[in-house]
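Report on the structure given below.
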Amino acid sequence: MAKIFCVANQKGGVGKTTTTVNLSAGLAKIGQRVLMVDLDPQGNATMGSGVDKRQLELSVYDVLLGEASIAQARTQSDKLQEAGYGYDIVGANRELAGAEVELVDVERRERRLKQAIEEVSANYDFVLIDCPPSLSMLTLNGLCSAHGVIVPMQCEYFALEGLTDLVNTIKQVHANLNRELALIGLLRVMFDPRITLQQQVSEQLKGHFGDKVFDTVIPRNVRLAEAPSYGLPGLVFDASSKGAQAYQAFAQEMVERIDRM
Ligand code: ATP
Ligand code: MG
């Protein structure tokens, strides 16, 4: 059965999508069977995996509304497959923004994704879910489906404060909706060791969260930022870049953590 993880942080632009696509690619490269689910109407994880969100025949929207199974909606990117980084993709686009409203009257609406993933779980080692920058019904569907949450964060002044809401939400979902849900870890991203404040916040994080802080640190690296415009994860775009190497190391760290879970 797959291990299922949400990549979540209600703060925008902190590196959720970059983490989701590069972790997916990194895990695929080391032989893991990966399904990536884009739960953000922005569709950035879809585009960044080489799938055109405007051309999707079926998306996560159809899955949430019960109109398609994941087996029907999943797709792949030829470029990633050829490069040896291939993973399955359930894409998203603007249409998904309507799901929130359309699900209002649906029973157990926060568990739609969970049910859909259960049907294909045996086919994968990892399912990674890219969440939107909010604590919405979409994110709730992600949290209800998952065993754990991976939280990418920048080591900035307000970083710890912003974490409180997310940690409380995880606790509430754990108590009321999904007993399996755990905070797996905090991933320091866009890190610049020359900035003293970032080092200080990083130390604070370790003080507060201990081994919930991943060992791997993702540096700020322009190759990671350039990759999406080519429809590629940074790992495929330039495997030798510092950013790509860090994400490959993170994939390895995740596999080792799973073995200990
Ligand atoms: P949103 O909340 O809008 O979904 P997000 O949390 O998914 O955003 P990303 O889209 O992954 O964040 O990243 C935000 C921006 O920062 C993007 O332009 C991305 O290319 C860039 N970026 C992410 N990680 C890095 C990094 N390690 N080094 C340099 N740029 C990065
Ligand atoms: Mg994103």
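The values are calculated or read from the model by the stated rules, or taken from the named source; none is laboratory data. Because the structure is a prediction, the values reported are computed rather than measured. All Cβ positions, even for glycine, are placed from backbone atoms using ideal geometry, and neighbour counts span all protein chains on display. We work out accessible area using only protein heavy atoms, side chains counted, and drop any ligands, DNA or RNA first. Shrake-Rupley method; radii C 1.70, N 1.55, O 1.52, S 1.80 Å.
Just to be sure before I move on: is residue 235 surrounded by 16 or more Cβ atoms within 10 Å (Cβ to Cβ), under 18 Å from residue 19 (Cα atoms) and away from ligand 2 (no atom under 16 Å from the Cβ) in the structure I sent?
Yes; evaluated as a whole, the condition is true for this residue.
Go through (1) farther than 15 Å from residue 7 by Cα; (2) not in a helix (DSSP H, G or I) for residue 209 and report which single condition fails.
The single condition residue 209 does not satisfy is (2).
Just give me the residues in region 128-161 being away from ligand 2 (no atom under 13 Å from the Cβ), touching a strand residue (DSSP E or B) at 6+ places or on another chain (Cβ under 8 Å) and farther than 19 Å from residue 174 by Cα, in sequence order.
Matches in region 128-161: 153, 154, 155, 159.
Looking only at helices (runs of 4 or more DSSP H) that lie completely in region 23-139, which have at least 3 residues being free of Cβ contacts under 8 Å to residues at least 60 places away in the same chain?
It comes to 60-64, 70-73, 78-83, 99-102, 112-120.
Looking only at residues in region 16-39 that are open to solvent by 10 Å² or more (accessible area, probe 1.4 Å), more than 17 Å from residue 79 (Cβ to Cβ) and of a type outside the set (A, V, I, L, M), which one is farthest from ligand 2 (Cβ to nearest atom)?
31
So residue 99 fits all but one of (1) at pLDDT below 95; (2) open to solvent by 10 Å² or more (accessible area, probe 1.4 Å); what number is the exception?
Going through the list (1) at pLDDT below 95; (2) open to solvent by 10 Å² or more (accessible area, probe 1.4 Å), residue 99 breaks only (2).
Does region 63-78 include one or more residues that are within 16 Å of ligand 2 (Cβ to nearest atom) and open to solvent by 20 Å² or more (accessible area, probe 1.4 Å)?
no
Can you pull out every residue in region 111-131 that is farther than 14 Å from residue 180 by Cβ, small (Gly, Ala, Ser) and open to solvent by less than 50 Å² (accessible area, probe 1.4 Å)?
Of everything in region 111-131, just one residue is farther than 14 Å from residue 180 by Cβ, small (Gly, Ala, Ser) and open to solvent by less than 50 Å² (accessible area, probe 1.4 Å), namely 116.
Out of curiosity, is residue 12 within 16 Å of ligand 2 (Cβ to nearest atom) and surrounded by fewer than 17 Cβ atoms within 10 Å (Cβ to Cβ)?
yes
Would you say residue 174 is at pLDDT 95 or above, surrounded by fewer than 21 Cβ atoms within 10 Å (Cβ to Cβ) and in contact with a strand residue (DSSP E or B) (Cβ under 6 Å, 6 or more places away or on another chain)?
no
Looking at residue 9, is it within 16 Å of ligand 1 (Cβ to nearest atom) and assigned to a helix (DSSP H, G or I)?
Spelling it out, it is not the case that residue 9 is within 16 Å of ligand 1 (Cβ to nearest atom) and assigned to a helix (DSSP H, G or I).
Would you tally the residues in region 156-193 being part of a strand (DSSP E or B) and within 24 Å of residue 222 (Cβ to Cβ)?
Residues meeting the conditions: 6.
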